[in-house]
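Taking it in order: structure first as structure tokens, then the write-up.
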């Protein structure tokens, strides 16, 4: 799948060209949202024009090749607290002609589209102005929140001619004004953890499926994490002194990092503890962290994504694994999304980190799911659960 390369200067270029009368005269906080599909992303700026009208300028750009991250073999280093850390560095920038290049300015009653290469068309009977040989299209007389669409001819990645449609929508009342109030994001992060709530888990028949310390031996317990749901502490993840989880994955992107907008990822599998009938520790084993993977990572100055993919089992058992695969999307606008799936054991939780206008960091809950039962660790005892969560900076 193609990924987007974003260019933040498009909005100011459009205004400098003076293509429209009454064009926006100022640009405020940068915002981003998806448009059309995940093959194409947008850079969004909001502000007010000389007449006090709130507007949103979108530059939509899709390159012909993807730009992502690479992490070298053996590049994970381990801290004194056992958390593994790696820096994901961007691959070379994409080359070739862009597949799509559009700039869209939306008001509550008007939408303007400009393209340096596409030929724009609309079936709207009235209130439409087409200029510059089809490179500029203005739709007027619309209602707040009204949806419409245009068509345009574009060149595909192999040079083929394609007719595309683009849905458009005018601004809802106060939508852009609210966007202006959101704190500018310097860095965003996502942390996904699984944990076992009780302090001890008795090895009944279902808990014990496939385990070498068997049910027939009796009087055996696995150690749990002795906690409920909780947001990560400020020291998370590398210096967290209270690592009460079974698995942990963490990714942070620093939007202003000049080194290719580097993303840093962390992971850890905690030790599994085996106790006897009097709850005295017999032994500990730790599963390999190789089952915690980071995939599909990519980033620009305004959008970053990375997939957390996990398959990790109890090191005392031959059956049953913790499983999930979620794609985390971070937008500098202050929006974080997590989508994918998870199994139903043990408890799962995922959080997003934002900053306020003073740069202070805080966490918001994306999702929390209780343990349905340890039998759900063994496929196909339980169906997977769809994950689709989002949170926005306050």
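The values are calculated or read from the model by the stated rules, or taken from the named source; none is laboratory data. A quick note: this is a predicted structure, and the numbers were derived from the prediction, not measured. So basically every Cβ, Gly included, is an ideal-geometry build from the backbone, and we count neighbours across all protein chains shown.
I'm checking my understanding of the structure. Among residues of the range 133-150 that are surrounded by fewer than 16 Cβ atoms within 10 Å (Cβ to Cβ) and in contact with a strand residue (DSSP E or B) (Cβ under 8 Å, 6 or more places away or on another chain), which one is nearest to residue 110 (Cα to Cα)?
Looking at the filtered set, the residue picked out is 140.
Does residue 311 satisfy being without any contact (Cβ under 8 Å) to a residue 24 or more places away in the chain and either part of a strand (DSSP E or B) or not assigned by TED's automatic domain parsing to the domain that holds residue 199 (or both)?
Here the answer is yes, as residue 311 does meet what is asked.
Would you point out which residue out of 314, 371, 355 is closer than 20 Å to residue 195 by Cβ and modelled with pLDDT under 95?
314
Any chance you could count how many residues in the range 41-55 are part of a strand (DSSP E or B) and at pLDDT 75 or above?
Of the residues in that region, 2 qualify.
Pick from the range 341-351 the residues that are under 21 Å from residue 363 (Cα atoms) and either surrounded by fewer than 24 Cβ atoms within 10 Å (Cβ to Cβ) or modelled with pLDDT under 95 (or both): which of them is nearest to the chain's Cα centre (by Cα)?
Applying the filter and picking the extreme gives 349.
Condition first: modelled with pLDDT of 70 or more, outside any strand (DSSP E or B) and within 25 Å of the chain's Cα centre (by Cα). Can you find one or more residues in the range 98-105 that meet it?
So far as the range 98-105 goes, no, none of its residues is modelled with pLDDT of 70 or more, outside any strand (DSSP E or B) and within 25 Å of the chain's Cα centre (by Cα).
Quick test for you: out of 301, 325, pick the one residue that is under 21 Å from residue 190 (Cα atoms), surrounded by fewer than 23 Cβ atoms within 10 Å (Cβ to Cβ) and at pLDDT below 95.
301
Which fully enclosed strands (runs of 3 or more DSSP E) of the range 328-371 have 2 or more residues being within 25 Å of residue 226 (Cβ to Cβ)?
Here the list reads 347-355, 361-369.
Determine whether the range 291-307 contains at least one residue that is at positive phi and in contact (Cβ under 8 Å) with a residue 60 or more places away in the chain.
For the range 291-307, residues at positive phi and in contact (Cβ under 8 Å) with a residue 60 or more places away in the chain: present.
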